[in-house]
Each structure stands twice: as structure tokens, then as C-alpha cells.
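A short worksheet on the structure shown next.
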Amino acid sequence: MSLLYINWDVNPEIVNIGGGFPLKYYGLLFCIGLILCYNLLGKVYKKEQLSEKAHEALFAYAFIGILVGARLGHCLFYDFDYYSQHPIEIFLPIQKGEDGAYHFIGYAGLASHGGVIGLIIMMIFYARKYKIQFLRIFDIIAIVAPLGGAFIRLGNLMNSEIIGTPSNLPWAFIFRHVDDVPRHPAQLYEAISYFIIFFLVYFIYQKGIFKAGKGFYFGISICLIFILRIAVEFIKVDQVNFEHGMILNMGQILSIPFIILGLFFIIKNLLGMKKLQTS
């Protein structure tokens with residue numbers, strides 16, 4: 001049976017530039033996901049008859065919102081004790097080593113919930129700047145958001161992080177950089193699920209079942225993403241020590257408000273559609 005397990009021994013670094021600046025798969029996949037989303041949104045912008053200028057500015061707003069939000073989310077929600085003592089490491093991709101010197105390590109801690117909050121905040125500023133209705137831009141972004149999330153989870157896989165609990169399933173991964181125990185590839189479960197959510201939401205949008213701007217795509221996207229997140233967390237190893245013994249871990253607790261918000265917009269749109277059909 002053990003021969004069926006997948007030995008995962010991937011070096012997270014693609015190349016080390018100058019001996020101290022590593023180019024990692026995580027950062028590469030993060031950027032690839034954003035670029036794919038940005039290019040796909042070009043088609044959506046044309047369909048929605050939004051300006052090319054607004055589309056060109058979108059990438060910078062989204063990148064800053066996701067990166068800053070995800071970083072602050074990790075530092076505040078998961079490791080506040082450490083970063084409250086090392087505030088410079090919140091904002092700079094460095095870490096103080098045992099030799100007392102700071103070393104470039106990249107942003108090693110990013111939280112998806114923080115990334116979503118950061119993106120929402122930046123989209124509010126973006127919508128005001130380019131005079132686009134808030135819910136319309138939220139809907140448009142939500143159409144491709146699961147695609148970006150899938151690439152981030154593939155980056156986690158390449159880093160051998162956010163690993164699953166032990167498993168004897170034939171597709172279990174042995175993360176050699178962690179231990180020799182076969183485990184659920186939780187990152188892969190999430191990545192595949194996000195790809196499916198993306199194709200589902202994009203299909204509904206292409207069919208024109210709901211018009212962008214009413215919150216339906218925003219609602220269904222965040223609802224499905226975070227319901228899936230809660231489910232997969234049950235087969236993940238706790239990311240931080242304080243989660244040990246908790247009925248729901250931090251990731252699951254933070255997912256609940258997003259699900260409630262998503263359900264609100266889904267139900268609102270379904271009731272609106274039913275009202276139109278019966279009138």
C-alpha cells in the first residue's frame with residue numbers, strides 16, 4: 001500500500017538569486033493566478049462595458065489589497081504574540097536569525113481571510129475612484145476570485161505547508177520536508193475545489209442568469225469558498241498552537257461571517273428572481 005503514496009520532496013525555491021534572494025514557487029504561482037484573473041477580467045470588463053482605463057488600474061489595487069490584507073491577517077489572527085514583538089517583520093519580508101542579523105525570507109505568512117478583507121477594502125476605494133457601483137465590482141471580482149485562490153493553494157502545496165492530517169488513502173502525500181507520515185493533500189483538495197467553483201460561477205455568469213451588480217456572484221463565490229474552507233479544515237493540521245483542542249479552529253471561525261454574508265446575497269437574489277417570475 002505504501003508504494004501508492006505520493007512522495008512529495010519538492011524544493012520550494014526555484015532559484016536563489018545572489019545567494020540571498022530566493023525565487024519561490026509560491027510567489028510565482030501567486031503572480032500567475034493574479035495575472036490570469038486580470039486577463040480574464042478584461043473580457044468581463046468588455047462585456048460589462050467598463051472602461052479599459054479602469055481595467056488597467058485594477059491589477060495594482062487588487063495586488064496591494066490581497067498582499068497587505070493577507071499579511072496583516074496572518075500577523076493579527078495567527079501569530080500576534082510574535083509580531084507584536086517584531087513589528088518590522090510585518091511589513092518587510094525579513095526575519096531576525098539566531099545570529100542577530102535580519103535575513104530576506106519573503107512573506108512567509110499570509111492568511112486568506114485577511115486577503116479577502118484587504119481586497120474588499122481596496123475595491124471600495126477603486127469603485128469610488130472609477131465611479132463603479134460597489135456591488136458591481138464585487139460581483140465582477142468574485143467571478144474570478146476562486147481561480148486566484150486555487151493558484152495560492154498550489155503554492156502552499158509547493159511549499160509543503162498547510163498539510164493535512166495522517167491518512168492511509170492511496171493518494172496520500174508524504175511531505176518529505178515535514179516528516180515521513182502519509183497525509184491528506186489538503187492544499188490540493190482546496191485547489192481542485194476552487195477550480196470547480198470558478199468554472200461554476202463563470203458558467204452562471206456567461207449564461208446571464210443573474211446580472212452583475214446585485215451581489216449574487218459575490219455571494220455565491222464567498223459562500224462556496226468558505227463552506228469548503230470549513231470542511232477541509234477538519235482534515236488539516238492546526239497551523240498554530242492555540243488552536244489545539246478548539247472545536248472550530250481560527251480558519252473556520254473566520255469563515256462563518258463570510259458564509260452568512262454570502263447566503264444573504266444569494267437568498268436576496270433568488271427571492272428577487274422569484275418575485276419577477278410571479279409578477
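The values are calculated or read from the model by the stated rules, or taken from the named source; none is laboratory data. Treat the numbers as computed from the prediction; the structure is a model and nothing was measured. Cβ: placed from backbone, ideal geometry, glycine included. Neighbour counts: every protein chain shown. Ligands, DNA and RNA are excluded from the accessible area calculation, which covers all protein heavy atoms including side chains. Shrake-Rupley method; radii C 1.70, N 1.55, O 1.52, S 1.80 Å.
Electrostatic bookkeeping for Asn156 treats Lys and Arg as +1 and Asp and Glu as -1; over the other residues with beta carbon under 14 Å from its beta carbon, the sum is +2. Per-atom-type breakdown for region 138-279 gives carbon and sulfur 71% of the accessible area (1.4 Å probe, protein chains only). Between Ile253 and Asn16, the FRET efficiency estimated from the beta carbon spacing at R0 = 51 angstrom works out to 0.85. Describe numerically, in nm with one decimal, the distance between label points set 7 Å from Cα along Cα→Cβ at Ile204 and at Asp179. Once both label points are built, they end up 4.0 nm from each other.
Per residue, the accessible area of the chain comes to 53 Å², computed with a 1.4 Å probe over protein heavy atoms only. Computed over the chain with a Gaussian network model linking Cα atoms closer than 10 Å, the most mobile of Ala191, Ala231, Ala70 is Ala231.
Over 18 Å between C-alpha atoms is what I'm after, so list which of Lys46/Lys268; Lys131/Lys214; Lys43/Lys274; Lys129/Lys214; Lys207/Lys268; Lys43/Lys129 land there. Where the Cα-Cα span goes over 18 Å, the pairs concerned are Lys46/Lys268; Lys43/Lys274; Lys129/Lys214; Lys207/Lys268; Lys43/Lys129.
Of the solvent-accessible surface of region 1-79, computed with a 1.4 Å probe and all protein chains present, 66% belongs to carbon and sulfur. Fraction of C-alpha pairs exceeding 17 angstrom in region 145-212: 50 percent, rounded to a whole number.
Couplings 3J(HN,Hα) of region 63-80, computed from phi: 4, 5, x, 5, 5, 5, x, 5, 5, 5, x, 5, 5, 7, 8, 10, 8, 5 Hz, in residue order, whole Hz [Karplus 6.51 cos²θ - 1.76 cosθ + 1.60, θ = phi - 60°; x for Gly and Pro]. The value given for region 121-273 is a Kirkwood hydrodynamic radius of 16.9 Å, derived from the mean inverse Cα-Cα separation. Over the chain, the alpha carbon radius of gyration divided by the compact-protein estimate 2.2 N^0.38 Å works out to 1.07.
Mind checking the full-extension length gain between Leu169 and Leu270? Use 0.36 nm per residue of separation minus the Cα-Cα distance, one decimal, nm. Please report the intermediate quantities before stating the final value.
Numbers: separation 101, 0.36 × 101 = 36.36 nm, distance 3.96 nm.
The Leu169-Leu270 span can extend by a further 32.4 nm.
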